Amino acid sequence: MTDTDHTAFEPADDDADALLAVRAIKKHFPIKQGLFIQRQVAAVKAVDGVSFSLRAGETLGLVGESGCGKSTVGRVVTKLVEPTAGTIRFDGRDVTKLSRGNMRPLRRDIQIIFQDPYSSLNPRHTIGTIVGAPFRIQGTKTSKGIKTEVQSLMERVGLNPEHYNRYPHEFSGGQRQRIGIARAVALRPKLIVCDEPVSALDVSIQAQVVNLLEDLQAEFGLAYIFVAHDLSVVRHISNRVAVMYLGKIMELTDRDTLYSRPVHPYTHSLMSAVPVPDPLKENRRERILLTGDLPSPINPPSGCVFHTRCPKFRMQLSDSEKERCVAEVPLLELKRPGQQAACHYPEERADVVLAEDVVAPAT
Amino acid sequence: MTVEPRDITRSPSGDTGAYLSVNDLRVHFPTGDGIVKAVDGLSFSISRGQTLGIVGESGSGKSVTSQAILGLHKGSKARISGEIWLGDQELVGMTEEEIRGLRGDQMAMIFQDPLSSLHPFYTVGRQITEAYRVHNSVGKSAARKRAVEMLDLVGIPNPDKRFDDYPHQFSGGMRQRAMIAMALVCDPKLLIADEPTTALDVTVQAQILELMKELQREFNSAIILITHDLGVVAEACDSVVVMYGGQCVETGTVNDIFYHAQMPYTWGLLGSMPRMDRDRRERLQPIPGQPPSLIQVPKGCVFNPRCVYQDHVPGDLCKTDHPQLLMTQRGNEGGLLPHQVRCHIRESERERIWTEQISPTL
Ligand SMILES: Nc1ncnc2c1ncn2[C@@H]1O[C@H](COP(=O)(O)OP(=O)(O)O)[C@@H](O)[C@H]1O
Ligand SMILES: Nc1ncnc2c1ncn2[C@@H]1O[C@H](COP(=O)(O)OP(=O)(O)O)[C@@H](O)[C@H]1O
Ligand code: SF4
Ligand SMILES: [Mg+2]
Ligand SMILES: [Mg+2]
């Protein structure tokens, strides 16, 4: 397969002291066909040129509709899958092509938590075994030492240490998520990829888990990549936020800027779709409804991948302006200090902003 | 919106404006571990053209309530008592056969997972056509015409072509639309939507909620919208039932619930959610603890094991006495679903807590 599209992403927030720096990563899953000889006939472009960096102790939120590649970014960063292209630097080292043997320290430093803790917890293992596993794999502690450590971890994440010998099914959804968190923080990692960790939980339990993640971050200096489709939760927990669409980042900036003056038409649509718990505000709001379905990542649209559904493209642009959206891939680049967007015609829209605090005037 | 004040404990006599009235509904499941009191004394009413939201955590009895209305517990071990009036027909006492005649015709349901009501082996068009012909004696071509119309109405492009597609050929949002088309093909007067958008992206959710509003305007149906998202309630509903542990703990109009909430569980729900429309708070305020077991429902107030406001009640009333669902001052002003609260705290004190402690911190 030839790869002719532009990958010249401007490393706009290149940060010398970043904990994690991801540059132009791609993950294309091959689609193979053929009876005897399997030939690659196409590829799912799950991640198609994504760049961002993350500092120690910071939280980067990753939002976007399902299928836009959020989990794949998380799995590439944790090295659960190999990127097709691009580089990953962690703690000053290029870890893109680490051999198995050299992975062990990285496995300790980067952890992952999943949406459904149940499917990621072995049902036949006790909590003690599950949370203690990282210690045994790293081989750094005696079994008595492991038990003490695990019980103090259980206490730390709000589980009863006496439940050391219980099995995952004996816990509620929220408690199982706590088990997943205990396992992830066991080895004091520097980065945890949280892949929709609260999406399946009821709000009252979700708030407990969000608070726990924040406390652990403060205590251990953890950095998080927080994947979620809920924009309110992402606003609450993130320092910076990347908005993804069809394998690419559309907008990347700090939390307050994103939620008070977003410039990408896709961010506008996403924000305007979130219902808020205030009936009077809801009555007054106009939604920017997206039309049509998400295009296939096997054969994404030319130019700007969002152009087939972009409300601005459809309603505001002239034909000659539209040509540019169809023909030319917009790079993710600085539109204002600290604010990157991948759009040829970025624009602030006050009508989609919901936060009452601030709207700083545009610079 | 003009609705007459009414006594909701009385069964409807037809002139109250209520199309559906649920009175003291109880659904108990005998199991090996004991009796699951999934729904325990629930009452509410809804008139045509109105949307009622039922909110509550998972396991609070929302789906069991909707299944009871549709008669889906008939022939199971469930013990059901109370009354469900649909117009002038009482549903709890009906036979399975009688209620099947209403289902799909006078009342219909849409689910979170469209694949649970769309069969994978038949084309979408055929399934809608059959749903129509069960209740309407028309020929094949008339039914097809009607199905294509419905697909068009719910916003499926090229409905004539998509008619012959199988469910798996539709995207998630399109399947949800197809299921809505099937549910509405007989013009039901009552539509029950059980978490219809929970599995969808917000962008698609916005489309589906908009579609439901349009269709409601067109068909003047009564809608029960079950959800755990208070944002969805604020957007789409006129009135709300807040459920906790199989009981209604607070009910009223959306204005009552969002601007004058009086029950600690409702406060807890509102305080737990991060909000995009307010200043960002440093901390969320979760409800401590876990939802109750429905086999050993807590004595006293169902919410007492998690409630942090019990010191506003004399003695340990919260742990010993089950509070009644009582009308508030606002509720006395009337309405189809007047503001009612199940809590031992004195009303003036609840209002004070809301105004001084809860509302300013949301
Ligand atoms: N192992 C895989 N093989 C083929 N396609 C995949 C694989 N994993 C993910 N995909 C596809 O990649 C795209 C992005 O998926 P994912 O990263 O899971 O998105 P998100 O987490 O944003 O919902 C989707 O189209 C998905 O179907
Ligand atoms: N057929 C059944 N037999 C026994 N228990 C049931 C049955 N159906 C539901 N329940 C229980 O009833 C309670 C309420 O369930 P449900 O109405 O589905 O909750 P939700 O509010 O999440 O929709 C739950 O504890 C559930 O386990
Ligand atoms: S580049 Fe064009 S199509 Fe893409 S988001 Fe901007 S205006 Fe819309
Ligand atoms: Mg995912
Ligand atoms: Mg349910």
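The values are calculated or read from the model by the stated rules, or taken from the named source; none is laboratory data. It should be emphasised that the depicted structure is a prediction, and the values quoted were computed from it without experimental measurement. For neighbour counting, all protein chains shown are included, and Cβ atoms are generated from backbone atoms with ideal geometry for every residue, glycine included. The protein model used for the area step is the full one, side chains on, heavy atoms only, and it has no ligands, DNA or RNA in it. Shrake-Rupley method; radii C 1.70, N 1.55, O 1.52, S 1.80 Å.
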(message) Would you confirm, using the coordinates I've provided, whether A:Thr291 is farther than 20 Å from A:Ile249 by Cβ, more than 16 Å from ligand 5 (Cβ to nearest atom), within 14 Å of chain B (Cβ to nearest Cβ) and hydroxyl-bearing (Ser, Thr, Tyr)?
(response) yes
(request) Select from the stretch A:24-69 the residues that are closer than 22 Å to A:Glu196 by Cβ and either β-branched (Val, Ile, Thr) or touching a His at 6+ places or on another chain (Cβ under 6 Å) (or both) and list them in ascending order. (result) A:Ile25, A:Val44, A:Lys45, A:Val47, A:Val50, A:Thr59, A:Val63
(message) Can you pull out every residue in the stretch A:23-52 that is more than 10 Å from ligand 1 (Cβ to nearest atom), open to solvent by less than 30 Å² (accessible area, probe 1.4 Å) and hydrophobic (A, V, I, L, M, F, W, C)?
(response) A:Ala24, A:Ile25, A:Ala42, A:Val50, A:Phe52
(request) Go over the candidates A:Thr96, A:Thr78 one by one and state the one that is open to solvent by less than 20 Å² (accessible area, probe 1.4 Å) and over 17 Å from the mean Cα position of the chain (by Cα). (result) A:Thr96
(request) Select from the stretch A:213-231 the residues that are buried (at least 22 other Cβ atoms within 10 Å of the Cβ) and either within 13 Å of ligand 1 (Cβ to nearest atom) or at the interface with another protein chain (Cβ under 10 Å from one of its Cβ atoms) (or both) and list them in ascending order. (result) A:Ile225, A:Phe226, A:Val227, A:Ala228, A:Leu231
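Here are B:Lys62, B:Lys77: which of them is in contact (Cβ under 8 Å) with a residue 40 or more places away in the chain, within 15 Å of ligand 2 (Cβ to nearest atom) and within 24 Å of B:Asp256 (Cβ to Cβ)? Walk me through how you get there before you give the answer.
Values: B:Lys77 fails: within 24 Å of B:Asp256 (Cβ to Cβ).
Result: B:Lys62 is the single residue among B:Lys62, B:Lys77 that is in contact (Cβ under 8 Å) with a residue 40 or more places away in the chain, within 15 Å of ligand 2 (Cβ to nearest atom) and within 24 Å of B:Asp256 (Cβ to Cβ).
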(request) Could you look through the stretch B:200-221, keep only residues that are surrounded by 15 or more Cβ atoms within 10 Å (Cβ to Cβ) and outside any helix (DSSP H, G or I), and pick out the one that is nearest to the other protein chains (Cβ to nearest Cβ)? (result) B:Asp201
(message) Checking B:Gln106 against (1) among the polar types (S, T, N, Q); (2) open to solvent by 50 Å² or more (accessible area, probe 1.4 Å); (3) under 30 Å from B:Ala38 (Cα atoms); (4) modelled with pLDDT of 90 or more: exactly one of these is not met. Which one?
(response) (2)
(request) Determine whether the stretch B:298-320 contains at least one residue that is within 14 Å of chain A (Cβ to nearest Cβ), modelled with pLDDT under 90 and open to solvent by less than 10 Å² (accessible area, probe 1.4 Å). (result) no
(message) Taking the criterion of being in contact (Cβ under 8 Å) with a residue 12 or more places away in the chain and within 23 Å of the chain's Cα centre (by Cα), would at least one residue in the stretch A:143-157 satisfy it?
(response) yes
(message) For the stretch A:249-287, which positions are away from chain B (no Cβ under 12 Å), out of contact with any His (no Cβ under 7 Å at 6 or more places or on another chain), over 29 Å from B:Arg283 (Cβ atoms) and surrounded by 24 or more Cβ atoms within 10 Å (Cβ to Cβ)?
(response) A:Ile249, A:His264, A:Pro265
(message) When you check B:Gly271 against the structure, is it over 25 Å from B:Phe44 (Cα atoms), among the small types (Gly, Ala, Ser) and away from every other protein chain (no Cβ under 11 Å), yes or no?
(response) no
(request) Could you tell me whether A:Thr84 is in the same structural domain as A:Ala21 (by TED's automatic domain parsing), more than 22 Å from B:Leu200 (Cβ to Cβ), within 15 Å of ligand 1 (Cβ to nearest atom) and of a type in the set (Ser, Thr, Tyr)? (result) yes
(message) Quick check on my filter: what residues within the stretch B:30-48 are surrounded by fewer than 23 Cβ atoms within 10 Å (Cβ to Cβ) and either within 16 Å of ligand 3 (Cβ to nearest atom) or under 15 Å from the mean Cα position of the chain (by Cα) (or both)?
(response) B:Ser43, B:Ser47, B:Arg48
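On the given criteria, is A:Cys310 at pLDDT 95 or above, within 14 Å of chain B (Cβ to nearest Cβ) and open to solvent by less than 20 Å² (accessible area, probe 1.4 Å)? Spell out how you get there, then give the answer.
Values: at pLDDT 95 or above: yes; within 14 Å of chain B (Cβ to nearest Cβ): yes; open to solvent by less than 20 Å² (accessible area, probe 1.4 Å): yes.
Criteria met by A:Cys310.
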(message) If A:Ala56 satisfies all but one of (1) within 16 Å of ligand 4 (Cβ to nearest atom); (2) open to solvent by 60 Å² or more (accessible area, probe 1.4 Å); (3) over 21 Å from A:Gln177 (Cα atoms), what's the number of the condition it fails?
(response) (1)
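Would you point out the residue of the stretch B:253-264, among those that are outside any strand (DSSP E or B), within 11 Å of another protein chain (Cβ to nearest Cβ) and of a type outside the set (Phe, Trp, Tyr), that is farthest from B:Glu351 (Cα to Cα)? Please lay out each step first, then the result.
Here is the first cut: in the stretch B:253-264, the residues outside any strand (DSSP E or B) are B:254-264.
From the residues that got through so far, the ones that are within 11 Å of another protein chain (Cβ to nearest Cβ) too are B:254-259, B:261.
Checking the rest, the ones that are also of a type outside the set (Phe, Trp, Tyr) come to B:254-257, B:261.
Numbers: B:Val254: 17, B:Asn255: 14, B:Asp256: 12, B:Ile257: 12, B:Ala261: 8 Å.
Among them, the one singled out is B:Val254.
Just checking, how many residues over the stretch B:108-126 are within 16 Å of ligand 2 (Cβ to nearest atom) and of a type in the set (A, V, I, L, M, F, W, C)? Before you say what the answer is, go through the steps one by one.
So in the stretch B:108-126, the residues within 16 Å of ligand 2 (Cβ to nearest atom) come out as B:109-113, B:116.
Among the residues that remain, those that are also of a type in the set (A, V, I, L, M, F, W, C) are: B:109-111.
Residues that pass the stated criteria total 3.
Restricting to the stretch B:222-252, name every residue that is among the hydroxyl-bearing types (Ser, Thr, Tyr) and either more than 14 Å from chain A (Cβ to nearest Cβ) or under 20 Å from B:Met109 (Cβ atoms) (or both).
First, pick out the residues of the stretch B:222-252 that are among the hydroxyl-bearing types (Ser, Thr, Tyr): B:227, B:239, B:244, B:251.
Selection gives B:Thr227, B:Ser239, B:Thr251.
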(message) I'd like to verify a number: residues in the stretch B:175-199 that are within 13 Å of chain A (Cβ to nearest Cβ) and open to solvent by 20 Å² or more (accessible area, probe 1.4 Å), how many?
(response) 5
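Here is a list: B:Ile345, B:Ile358. Which entry is within 14 Å of chain A (Cβ to nearest Cβ) and of a type in the set (Val, Ile, Thr)? Write out each step before concluding.
Working: B:Ile345 fails: within 14 Å of chain A (Cβ to nearest Cβ).
One residue alone meets the criteria, B:Ile358.
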